[in-house]
Amino acid sequence: MMSKRFTAQATRLLTTRTNQSKSESTPLPECEHQGPEYVGPSYEQILKTRQAHLTPNLLAHFKKPLVIHAGHMQWLYDHEGRRYLDMFGGIVTVSVGHCHPKVNKALSDQIAKLWHTTNIYMHPKIHEYAEKLVAKMPGNLKTVCFVNSGSEANDLAMLLARLHTGNQDILTFRNAYHGMSPYTMGLTAHSSWRYPLPGINSGIVHVMNPDPYRGLWGGSACRDSPIQTQRTCNCASPADECQAGLAYYKELEEVFKYSLPRGKVAAMFAESIQGVGGTVQYPRGYLKRAAALVRANGGLFVADEVQTGFGRTGEHFWGFEAHDYQPDIVTMAKGIGNGFPLAAVVTTPEIASCLNKALHFNTFGGNPMASAVGMSVLEVIEEEQLQSNCKNVGTYFLKCLNELQQRHDVIGDVRGKGLMIGVELVADREKKTPLPMPHVLEIWEKCKDLGVLFGRGGLDGNVFRIKPPMCIDRNDVQFATDVLDQAIKLAKPNN
Ligand SMILES: Cc1ncc(COP(=O)(O)O)c(C=O)c1O
């Protein structure tokens, strides 16, 4: 295989030059860290291998896909030495920062001692970590089962709910994303993420998404966010009862009346803020009412905290806390491990006991390396006060983006909480027609060329998703906002 080598000095020169020439009016914020030189196969070779040997469905972001070979905190480096501000954190996964020194050390210390035994032996790390994790949970949510991915966590939550209640039907929202395993694909409610397989919808009911921006009802005080939709209503923020929320709740009641066996549901799943669906927030009060309705019908309520957990939403450690209800099961992944494959399901001892009906086993779940990483991630969140950073920097970010929205008609909506933010691009603000894809891609690509990597989401792919490592600061926010401003100005609608 051909190797492309850059000397450290050349890399440094390239980094400086690239940053200056690409972004004269918005210089990249300074960073003391120097990206390491790239050593590895050439760009052309990587492309060739990808096409020849990796599954064809693998998404490559950008017209000219990036080769990223190193990262440090909120920064990523490509093979040519360019530095990028990472506003997507490996899809909402790098919570405390790329290669965070403390997490690196915890992992390398563990690697030097013990990698793996499975849980047939009592290795200490999983026990220490379980104590630390459940201490973050309210009420009797005190039993944890470690797995390796969000889909696995939701698979297990589905199993627990069905076993515990003896019921089959599970509700989720249209526009929800809960995973890609055959079991969770049924929960995920985007046609783009569903294969035409028999049985995936068995026992699954998708209900109307209570989306105050795109949905049937919404107003000027629905969202738990510093920024509201441009719709109007008569509700007073935030104490008044949200009328849009009530209307959506009545719609949910209709589903129970007409589509479900009376008193016999297994569960309802909800992301606390929809992630893949484009950072969609529900009207205040809705989830609390929905949870009561589900319980009155024999079911459990499952909070999917795969994206919203670990302080990202700023005000609370868990996204469900802002909705003022306590779930029966909480699933978590992504940010829990800062990029290490680690996920968990936390529930009550009573619900967990239904697993005694058979053997249940997961080879890698909670292995010593994952547990060491998970523990140090929790420590870093506390020591560096990342939750309050999310609140402060995230609120500032939302205000900057809202100000940008006043200047660009293509920004139809700005929403979110903490560092879980969405910017929806539209062709027509009134009709909310999604901005045509070539235009969206042009803006996105320009942002990348100017040094900022945003994510995208929503059914039409027209929502910029901003969920960076939780360590970013106001300079980064200013830079990212300026870059988005520039990119919108530079991108031509017909490209
Ligand atoms: C809310 C939510 N739940 C579950 C999953 C599935 O996680 P994984 O990709 O680790 O299986 C995702 C992944 O994006 C997610 O966003």
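The values are calculated or read from the model by the stated rules, or taken from the named source; none is laboratory data. Note that the structure is predicted; figures quoted are calculated from it, not measured. Because the Cβ atoms are built from the backbone with ideal geometry, glycine has one as well, and the counts that use them run over all protein chains shown.
Every residue, every condition in (1) within 19 Å of the chain's Cα centre (by Cα); (2) surrounded by 15 or more Cβ atoms within 10 Å (Cβ to Cβ), yes or no:
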| site | (1), (2) |
| --- | --- |
| ALA343 | yes, yes |
| ILE351 | no, yes |
| CYS354 | no, yes |
| LYS357 | no, no |
| PHE364 | no, yes |
| ALA370 | no, yes |
| GLN385 | no, no |
| SER388 | yes, no |
| THR395 | yes, yes |
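Residue by residue, here is whether (1) within 16 Å of the ligand (Cβ to nearest atom); (2) buried (at least 18 other Cβ atoms within 10 Å of the Cβ); (3) at pLDDT 95 or above holds:
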position	(1), (2), (3)
GLY89	yes, yes, yes
VAL94	yes, yes, yes
HIS98	no, yes, yes
THR117	no, no, no
LYS132	no, no, yes
ALA135	no, no, yes
ALA161	yes, yes, yes
ASN167	no, yes, yes
ILE170	yes, yes, yes
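Between ARG415, ARG407, the distinction of being within 17 Å of ALA480 (Cβ to Cβ), among the basic types (Lys, Arg) and crowded, with 19+ Cβ neighbours inside 10 Å belongs to ARG415 only.
Anything in the range 168-189 that is assigned to a loop (DSSP other than H, G, I, E, B) and aliphatic (A, V, I, L, M)? List them, or say none. Hits for the range 168-189 are ALA176, MET180, LEU187, ALA189.
Just one of the numbered conditions (1) assigned to a strand (DSSP E or B); (2) touching a residue at least 40 places away in the same chain (Cβ under 8 Å); (3) of a type in the set (Gly, Ala, Ser) is not true of GLY40: (2). Of the residues in the range 435-449, at least one is touching a residue at least 24 places away in the same chain (Cβ under 8 Å), over 15 Å from ARG83 (Cα atoms) and of a type in the set (Phe, Trp, Tyr). The residue that is farthest from the ligand (Cβ to nearest atom), among those in the range 295-310 that are more than 12 Å from the chain's Cα centre (by Cα) and buried (at least 24 other Cβ atoms within 10 Å of the Cβ), is GLY299. In this structure, PHE340 does satisfy being of a type outside the set (Lys, Arg), within 12 Å of the ligand (Cβ to nearest atom), assigned by TED's automatic domain parsing to the domain that holds LEU141 and touching a residue at least 24 places away in the same chain (Cβ under 8 Å).
Against the conditions (1) of a type in the set (Gly, Ala, Ser); (2) under 30 Å from THR117 (Cβ atoms); (3) modelled with pLDDT of 95 or more, ALA358 satisfies every one except (3).
Of note, LEU76 does not satisfy the criterion of being assigned to a loop (DSSP other than H, G, I, E, B), away from the ligand (no atom under 16 Å from the Cβ), under 24 Å from GLY278 (Cα atoms) and not assigned by TED's automatic domain parsing to the domain that holds GLY335.
Can you say whether ILE200 is over 28 Å from THR184 (Cβ atoms) and assigned to a loop (DSSP other than H, G, I, E, B), as far as the supplied structure shows? Against the criterion (over 28 Å from THR184 (Cβ atoms) and assigned to a loop (DSSP other than H, G, I, E, B)), ILE200 does not qualify. Annotation: of all residues in the range 182-227 being of a type in the set (Ser, Thr, Tyr) and within 24 Å of the chain's Cα centre (by Cα), the one that is farthest from LYS250 (Cα to Cα) is TYR195.
Residue check: LEU66 meets all listed conditions (1) assigned to a helix (DSSP H, G or I); (2) touching a residue at least 12 places away in the same chain (Cβ under 8 Å) but one, namely (1). For the range 276-290, the criterion of being free of Cβ contacts under 8 Å to residues at least 40 places away in the same chain and either under 19 Å from ALA247 (Cβ atoms) or more than 12 Å from the ligand (Cβ to nearest atom) (or both) is met by at least one residue. Of the residues making up the range 69-116, those that are of a type in the set (Gly, Ala, Ser) and touching a residue at least 12 places away in the same chain (Cβ under 8 Å) are ALA70, GLY71, GLY81, GLY89, GLY90, SER95, GLY97, ALA106.
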